[in-house]
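A quick write-up on the structure given underneath.
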Amino acid sequence: MQFGGRTLFDDLSFMIGAHDRIGLVGSNGAGKSTLLKVIAGIVPGDNGSIGKAEYVTVGYLPQDGVIASGKSLTKEVETAFEDIQEVQQELDLVHRQLETTDPMLPEYMEIIEIFGELQHKLEDLDAFRMQSKIERVLMGLGFSVSDFERQTEEFSGGWQMRIALAKLLLKEPSVLLLDEPTNHLDLESLQWLEAYLDQYNGAIILVSHDRAFLDSLTTKTLALGMGKMESYSGNYSFYEREKVVRRELQMNAFKNQQKQIEQTEKFIDRFRYKATKARQVQSRIKQLDKVERIEVEDDEEQIQFHFPQPQPSGVKVMELKHIVKRYGDHTVFAGLDYVIERGDRIAIVGVNGAGKSTFSRIVAGVEPLTGGERIVGYNVILSYFAQHQAEELDMSKEVLEIVDDVAVGDIRRKLRTILGSFLFHGDDVFKKVSVLSGGEKSRLALAKMLLQPANVLVMDEPTNHLDMRSKMVLQEALLEYDGTYIIVSHDRSFLDPLVNKVLEVSTNGIRTFLGSISDYIQKKKSEQTALASAARASKVEAKQVPETGGKERKRSDAEKRQQLSKKLRPARQRLEKLEQEIERAEKRKLEIEELMADADFYKDGESARKTTQEYKEIQELLQARYASWNGVTEEINELERDAAS
């Protein structure tokens with residue numbers, strides 16, 4: 001594949017197995033996204049071919065740029081079930097043909113047979129579970145039930161990508177190509193996606209800068225570089241270790257080859273004009289021409305970035321007292337109290353929409369308060385980064401000028417090196433800000449923020465547009481940083497060595513967990529396990545309470561059971577009614593199928609037409625009732641879980 005005379009990759013050959021879990025890695029610009037598009041058939045390669053069986057389907061999720069509109073969320077996601085919808089449309093067409101065809105004609109029987117085959121096909125496609133599958137995936141990706149009927153154009157760019165991801169997962173292609181799928185996910189949705197993909201019944205090729213995500217899912221790594229591809233039989237961490245070993249072997253082979261080439265060239269130069277050595281010289285020249293030269297990828301320059309160190313702040317960096325924040329009728333925080341102390345390294349996590357970015361903006365002082373007080377400590381110099389700040393850069397200036405305006409001291413001599421760590425190489429530093437992409441502007445805004453002396457850093461998703469190497473540079477700089485920082489991020493491997501507190505923001509308020517992100521995830525899992533165990537133990541204990549004694553406890557338990565029973569009664573009544581309707585419909589469906597199997601059934605055209613119409617209506621009724629049954633069952637389970645906790 002070539003672009004403007006530059007070869008992205010040449011003569012790549014590899015195989016994707018039915019259940020492969022492949023991480024596709026390489027530096028920015030190596031061609032990872034392009035290769036995914038080639039595999040997906042979106043972009044044709046200049047040469048070569050892709051072979052696959054007819055039954056193999058390929059699904060592709062781009063990094064961004066997917067916009068859905070004109071439908072409700074549920075209707076949009078239902079388009080993933082094209083096969084079911086096609087069968088349903090065929091059924092509708094066949095039904096209309098039955099209504100207009102004379103039962104005495106031979107083709108009427110053929111139409112009846114097609115109708116039956118389509119009904120069975122719909123059952124084989126598991127059409128009745130379509131709604132429950134949709135709900136599972138949408139809620140796993142962070143959508144709430146209240147979102148289901150919202151129009152898709154109401155959702156922001158990040159949520160649009162979640163819609164695209166939901167549709168792709170529901171299509172269940174044989175090969176799933178995911179280009180940075182975690183960019184727009186919060187930690188909870190990311191963990192759900194990780195668990196879902198772990199059980200996915202197909203092959204996955206994954207491009208991601210989330211090291212923990214790659215390590216958890218992949219068992220094979222394909223590394224793109226210098227137009228070639230190398231295969232590694234392990235995850236990203238294995239690839240990093242093995243790459244060092246391979247490079248060392250490659251360097252040894254390169255040095256040996258260079259030595260042999262040098263000796264051969266010396267022989268040619270020495271005896272080129274000696275008639276007695278002419279044959280040997282010509283032989284050596286031909287030998288040199290046939291040598292396949294070993295190419296060694298340039299060592300990436302080890303960039304070390306150090307924050308300009310300002311004077312330390314006071315012990316108490318900031319105090320938030322009785323903070324209230326509302327957007328119209330929506331209350332994000334009500335009476336929030338929080339203290340940030342010098343040396344705090346805080347990760348802010350939580351589901352999207354809970355208020356993580358709002359909290360960071362309140363700390364940064366850029367979000368007006370509805371109520372409460374934000375008290376800044378002694379000598380606090382605060383610097384803030386958020387994605388939208390990229391649009392506040394001076395569009396008329398060059399990249400180098402932007403950072404040169406804020407840098408002070410010796411660090412100014414290293415500006416081009418520092419910009420290189422944020423993926424601005426060579427002449428990129430002379431580009432006007434106005435021509436940069438959204439990701440490039442975000443990286444430049446981050447570099448600008450980090451070059452300003454500050455003892456408190458507030459960063460909202462700083463790693464979204466950084467590659468592995470850039471994240472490592474930033475991570476190492478933060479490890480050496482003496483100040484205080486607050487980071488909103490879902491990148492576990494980036495946060496893990498950096499933070500000593502995790503602030504969880506939810507609709508119920510905020511909670512602080514001491515330790516790293518790994519500690520937080522483990523504590524959350526332990527909490528969930530403990531709640532489940534307590535619920536089970538409570539049920540066992542209730543059964544084992546002796547009839548005599550413990551009157552107060554028995555009365556309390558009885559009251560709880562009575563309250564639960566009162567809450568459950570309407571749902572169970574609805575469930576019972578649904579089950580009765582399903583049973584009657586199933587019974588009638590079988591009766592009609594037996595009638596349709598009888599050859600005499602079609603002799604009375606009017607009767608056959610009416611019965612066929614009834615059969616279609618029963619099928620639609622059953623589909624709706626099964627979906628309702630799933631919803632009521634989940635409602636009962638939720639009530640029982642709440643009671644157990």
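The values are calculated or read from the model by the stated rules, or taken from the named source; none is laboratory data. None of the values given here were measured: they were computed from a predicted structure. Glycine also receives a Cβ, built like all others from the backbone with ideal geometry; neighbour counts cover every protein chain displayed.
State yes or no: is Asp10 surrounded by 13 or more Cβ atoms within 10 Å (Cβ to Cβ), under 30 Å from Asp147 (Cα atoms) and in the same structural domain as Glu194 (by TED's automatic domain parsing)? Taking the combined requirement at face value, the residue does not satisfy it.
Across the range 290-305, a minimum of one residue is classified as of a type outside the set (S, T, N, Q), within 30 Å of Ala364 (Cβ to Cβ) and at pLDDT below 90.
Residue by residue, here is whether (1) over 27 Å from Pro106 (Cβ atoms); (2) modelled with pLDDT of 75 or more; (3) not assigned by TED's automatic domain parsing to the domain that holds Glu117 holds:
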{"site": "Glu581", "(1), (2), (3)": "yes, yes, yes"}
{"site": "Glu586", "(1), (2), (3)": "yes, yes, yes"}
{"site": "Glu591", "(1), (2), (3)": "no, yes, yes"}
{"site": "Gly605", "(1), (2), (3)": "no, no, yes"}
{"site": "Thr612", "(1), (2), (3)": "no, yes, yes"}
{"site": "Tyr615", "(1), (2), (3)": "no, yes, yes"}
{"site": "Asn630", "(1), (2), (3)": "yes, no, yes"}
{"site": "Glu635", "(1), (2), (3)": "yes, yes, yes"}
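Just wondering, is there one or more residues in the range 256-273 that are under 24 Å from Asp11 (Cα atoms), touching a strand residue (DSSP E or B) at 6+ places or on another chain (Cβ under 9 Å) and exposed (fewer than 15 other Cβ atoms within 10 Å of the Cβ)? So far as the range 256-273 goes, no, none of its residues is under 24 Å from Asp11 (Cα atoms), touching a strand residue (DSSP E or B) at 6+ places or on another chain (Cβ under 9 Å) and exposed (fewer than 15 other Cβ atoms within 10 Å of the Cβ). The residues listed here are Asp83, Asp102; of these, the one that is on the phi < 0 side of the Ramachandran plot, in contact (Cβ under 8 Å) with a residue 24 or more places away in the chain and part of a loop (DSSP other than H, G, I, E, B) is Asp102. Between Phe385, Phe359, the distinction of being among the aromatic types (Phe, Trp, Tyr), closer than 25 Å to Glu480 by Cα and either surrounded by 16 or more Cβ atoms within 10 Å (Cβ to Cβ) or not assigned by TED's automatic domain parsing to the domain that holds Met459 (or both) belongs to Phe385 only. Here Ala53, Ala80 are screened, and the one residue that is out of contact with any Pro (no Cβ under 8 Å at 6 or more places or on another chain), of a type in the set (A, V, I, L, M), farther than 29 Å from Gly438 by Cα and loosely packed, with under 13 Cβ neighbours inside 10 Å is Ala53. Scanning the range 362-376 for residues being buried (at least 19 other Cβ atoms within 10 Å of the Cβ) and either at pLDDT 95 or above or touching a Lys or Arg at 6+ places or on another chain (Cβ under 9 Å) (or both) gives a total of 2.
Considering the range 304-319 alone, what residues qualify as being surrounded by 20 or more Cβ atoms within 10 Å (Cβ to Cβ) and either free of Cβ contacts under 8 Å to residues at least 60 places away in the same chain or part of a strand (DSSP E or B) (or both)? Once the filter is applied, which keeps residues that are surrounded by 20 or more Cβ atoms within 10 Å (Cβ to Cβ) and either free of Cβ contacts under 8 Å to residues at least 60 places away in the same chain or part of a strand (DSSP E or B) (or both), the range 304-319 yields Val317, Met318.
Under the condition of being β-branched (Val, Ile, Thr) and either modelled with pLDDT of 85 or more or more than 26 Å from Gly202 (Cα to Cα) (or both), the residues counted in the range 60-85 number 4. Residues that are part of a loop (DSSP other than H, G, I, E, B) and either touching a helix residue (DSSP H, G or I) at 6+ places or on another chain (Cβ under 8 Å) or crowded, with 19+ Cβ neighbours inside 10 Å (or both) within the range 474-490 comprise Gly483, Ser489, His490, listed in sequence order. For the range 34-59, a residue qualifies if it is small (Gly, Ala, Ser) and either modelled with pLDDT under 90 or in a loop (DSSP other than H, G, I, E, B) (or both), and the qualifying residues are Gly41, Gly45, Gly48, Ser49, Gly51, Ala53. Annotation: of all residues in the range 1-50 being of a type in the set (Ser, Thr, Tyr) and within 21 Å of the chain's Cα centre (by Cα), the one that is nearest to Ser421 (Cα to Cα) is Ser27. Screening the range 540-551 for residues that are surrounded by 11 or more Cβ atoms within 10 Å (Cβ to Cβ) and on the phi < 0 side of the Ramachandran plot and picking the one that is modelled with the lowest pLDDT gives Val545. Evaluate the range 494-510: report whether one residue or more is farther than 27 Å from Leu141 by Cα, over 25 Å from the mean Cα position of the chain (by Cα) and modelled with pLDDT of 90 or more. Yes, that holds for at least one residue.
Name the residue that is surrounded by the fewest Cβ atoms within 10 Å (Cβ to Cβ), counting only residues in the range 320-348 that are in a loop (DSSP other than H, G, I, E, B) and touching a residue at least 24 places away in the same chain (Cβ under 8 Å). So, considering only residues that are in a loop (DSSP other than H, G, I, E, B) and touching a residue at least 24 places away in the same chain (Cβ under 8 Å), the one surrounded by the fewest Cβ atoms within 10 Å (Cβ to Cβ) is Gly343. Within the span defined as the range 2-14, one or more residues are among the aromatic types (Phe, Trp, Tyr), in contact (Cβ under 8 Å) with a residue 60 or more places away in the chain and either in a loop (DSSP other than H, G, I, E, B) or more than 24 Å from Glu617 (Cβ to Cβ) (or both). In this entry, Val380 is excluded by the filter for residues that are in contact (Cβ under 8 Å) with a residue 40 or more places away in the chain, assigned to a helix (DSSP H, G or I) and either of a type outside the set (Ser, Thr, Tyr) or assigned by TED's automatic domain parsing to the domain that holds Lys448 (or both). Pick from the range 491-522 the residues that are free of Cβ contacts under 8 Å to residues at least 60 places away in the same chain and of a type in the set (Gly, Ala, Ser): which of them is surrounded by the fewest Cβ atoms within 10 Å (Cβ to Cβ)? Only one residue tops the list, namely Gly515. Is there a residue being under 20 Å from Leu474 (Cα atoms) and acidic (Asp, Glu) anywhere in the range 374-394? For the range 374-394, residues under 20 Å from Leu474 (Cα atoms) and acidic (Asp, Glu): absent.
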